[in-house]
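Below is one structure, written out as structure tokens; the observations come after it.
The values are calculated or read from the model by the stated rules, or taken from the named source; none is laboratory data. Given the structure is predicted, the values throughout are model-derived calculations rather than measurements. Heads up, the Cβs are rebuilt from the backbone with ideal geometry, glycines too, and the neighbour counts pull from every protein chain shown. Calculation scope for accessible area: heavy atoms of the full protein, side chains included, ligands and nucleic acids excluded. Shrake-Rupley method; radii C 1.70, N 1.55, O 1.52, S 1.80 Å.
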Amino acid sequence: MQGKILADGLIGANDGNRYSFSVQDVRNLGSKTMSNVINAEVDFEIDGTNAKSIFITKNFISIGNIVQGGDSISSIKTKAYIYVAGIFLGVIPVVGWIFGIIGSVFMILALLSLGRMSKAPLLRNFWISWGLVLLGGMIVGFSVAGGFIMGLDSRSGFSFGMVAFIVLGALICLGGLVFSYFYYRDLAEVTNEKFFLYAFICRAVAIFTLFIPILGIIFIIVANIVELIAWIKFKEIKKKEAL
């Protein structure tokens, strides 16, 4: 018999009837939770009013399923995929920032789940690292732009104050890089996946080469690809205090 999972423990069959089931009867659930497979199409055997030997034949993916997916590894990975996709789509002119925000929201949800399961301060280090890098980048950017504007209006060019702000911004970015290392180090440890550390190395190189035409952009792209590979390979979660 074919049908669809309507809720946890309830299947709506193609014959118009509804059948109860236990999660133990789902043969290919894997690491998914029942929240992940609501509305999934299934094939099953009937035993009175119960469904037995259930096989998921087609999963239904929705925003609701992803957000409510809980702390399962499959749910965390799906949210991380959306984050990486948001980074890539974030370069689209005009609307790219929307994808970036959506991706960041799902990454926060993924890190909340991963942090609960591993007891690692992933979300804290993620926020601090990105916050410091963005703040430092803004200080450097505005200082450099101000220096060029003043250079056009006079012969003074970059003043001592502007140089000091550039140095300050660079130091703040460096602080963000340190917390970024803490984030990727813990992420690699709790997922037992070294590719996260490789992604950090690529991001660090990208920051230092960002002002070199094309090269910095290439390293950013490589870093995103390596991080995507890390999330694909991620299959287990360790507790931080047990490491």
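Here are some notes:
- Prolate/oblate/rounded call for the stretch 201-243, Cα gyration tensor, a/c under 1.5 rounded: oblate
- Solvent accessible area, Å² - Ser143, 1.4 Å probe, full protein context: 10
- Cross-link reach is defined here as a Cα-Cα straight distance under 20 Å, omitting same-chain residues fewer than 8 places apart; for Lys240 the aspartates and glutamates meeting it are Asp71, Asp186, Glu189, Glu193.
- Heavy-atom accessible surface of the chain: percent carbon and sulfur, 1.4 Å: 70
- Taking all Cα pairs closer than 8 Å and separated by 6 or more residues, the relative contact order of the chain comes to 14 percent.
- 3J(HN,Hα) along the stretch 189-197: 6, 6, 9, 6, 10, 5, 4, 5, 5 Hz, from the Karplus curve 6.51 cos²θ - 1.76 cosθ + 1.60 with θ = phi - 60°, whole Hz, x for Gly and Pro.
- Neighbours of Asn17, meaning other residues whose beta-carbon lies under 14 angstrom from its beta-carbon, give a summed charge of -1 when Lys and Arg score +1 and Asp and Glu score -1.
- Label-point gap, in nm, between Phe160 and Ile98 - each point 7 angstrom along Cα→Cβ: 5.0
- Dipole orientation for the stretch 82-229: of the candidates Gly137, Val205, Gly175, Gly175 has the Cα lying most toward the positive pole (charges on Cβ; Lys, Arg +1; Asp, Glu -1).
- For the residue pairs Lys119/Lys233; Lys52/Lys119; Lys58/Lys119; Lys58/Lys235; Lys77/Lys239; Lys79/Lys235, alpha carbon separations beyond 26 Å are given by Lys52/Lys119; Lys58/Lys119.
- When +1 charges are put on Lys and Arg Cβ atoms and -1 charges on Asp and Glu Cβ atoms, the dipole computed for the chain relative to its Cα centre reaches about 440 debye.
- Placing Asp47, Asp25 in order of accessible area, with the largest value first and a 1.4 Å probe, yields Asp47, Asp25.
- Measuring r between the beta carbons of Trp127 and Phe148 and using R0 = 25 Å, the FRET efficiency lands at 0.20.
- 29 Å tail of the calculated P(r), the chain, as % of Cα pairs: 45
- Low-density loop cleavage sites - chymotrypsin sites (Phe, Trp or Tyr not before Pro) in the stretch 195-235, where at most 12 other Cβ are within 10 Å (DSSP): Phe211
- With helices as the sole contributors, the chain gives -20000 deg cm²/dmol at 222 nm; each DSSP H run of n ≥ 4 counts as -39500 (n - 2.57), and the sum is divided by every residue.
- Å² of accessible area per residue within the chain, as computed with a 1.4 Å probe and no ligands counted: 55
- GNM remark for the chain: springs join alpha carbons under 10 Å apart, and the peak mean-square fluctuation among Ile56, Ile139, Ile214 falls on Ile214.
- FRET E, pair Lys58, Leu89, Förster distance 25 Å, beta-carbon r, rounded to 0.05: 0.45
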